[in-house]
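Undergrad: If you scroll down you'll find the structure; I have some questions about it.
The values are calculated or read from the model by the stated rules, or taken from the named source; none is laboratory data. Computed from a prediction, not measured in an experiment: that's the story for all the values here. All Cβ positions, even for glycine, are placed from backbone atoms using ideal geometry, and neighbour counts span all protein chains on display. What goes into the accessible areas is simple: the full protein's heavy atoms, side chains included, and nothing from ligands, DNA or RNA. Shrake-Rupley method; radii C 1.70, N 1.55, O 1.52, S 1.80 Å.
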Amino acid sequence: MPRGPKKHLKRLAAPSSWMLDKLGGVFTIKPSSGPHKQGESLPIALFLRNRLKYALCMKEVETICKQRLIKIDGKLRTDPRFPTGFMDVIQVEKTGENFRIIYD
């Protein structure tokens with residue numbers, strides 16, 4: 001019997017606000033625990049990879065985060081699974097761009 005919280009998340013069980021395609025694989029990124037609920041958040045990795053197209057794979061997202069280039073609400077975040085929520089500001093240091101998370 002497994003112990004502790006679940007560490008995996010299947011694509012079909014992910015919130016529909018993430019707008020993931022069904023045929024893109026079996027699993028997706030599960031957000032780590034943080035200030036927002038899982039259903040109301042979007043991991044940094046999904047934002048950088050799927051929305052902004054700054055990275056092609058998870059390894060590239062981890063490299064971007066470990067270089068300390070991403071700020072969320074003015075604080076450096078190095079965890080690619082950190083959950084960003086409604087009205088959070090994401091700053092990319094290298095490009096000088098600011099983004100605000102707003103759901104449709």
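Undergrad: Under 9 Å between Cβ atoms, which residue pairs at least 6 apart in sequence (or on different chains) link something in segment 51-65 that is surrounded by 14 or more Cβ atoms within 10 Å (Cβ to Cβ) with a partner that is in a helix (DSSP H, G or I) and among the hydroxyl-bearing types (Ser, Thr, Tyr)?
TA: The qualifying pairs are ALA55/THR63.
Undergrad: Right, next: Can you name the residue in segment 94-104 that is in contact with a Leu (Cβ under 9 Å, 6 or more places away or on another chain) and under 21 Å from PRO35 (Cβ atoms) and is also surrounded by the fewest Cβ atoms within 10 Å (Cβ to Cβ) among such residues?
TA: Only one residue fits best here, namely TYR103.
Undergrad: What are the pairs, 6+ residues apart or on separate chains, where a residue within segment 72-88 that is without any contact (Cβ under 8 Å) to a residue 12 or more places away in the chain has its Cβ under 9 Å from a residue that is charged (D, E, K, R) and open to solvent by 50 Å² or more (accessible area, probe 1.4 Å)?
TA: What qualifies is LEU76/ARG68; LEU76/GLU93.
Undergrad: Could you go through segment 41-62 and let me know if any residue there is among the β-branched types (Val, Ile, Thr) and touching a Leu at 6+ places or on another chain (Cβ under 6 Å).
TA: Yes: one or more hits.
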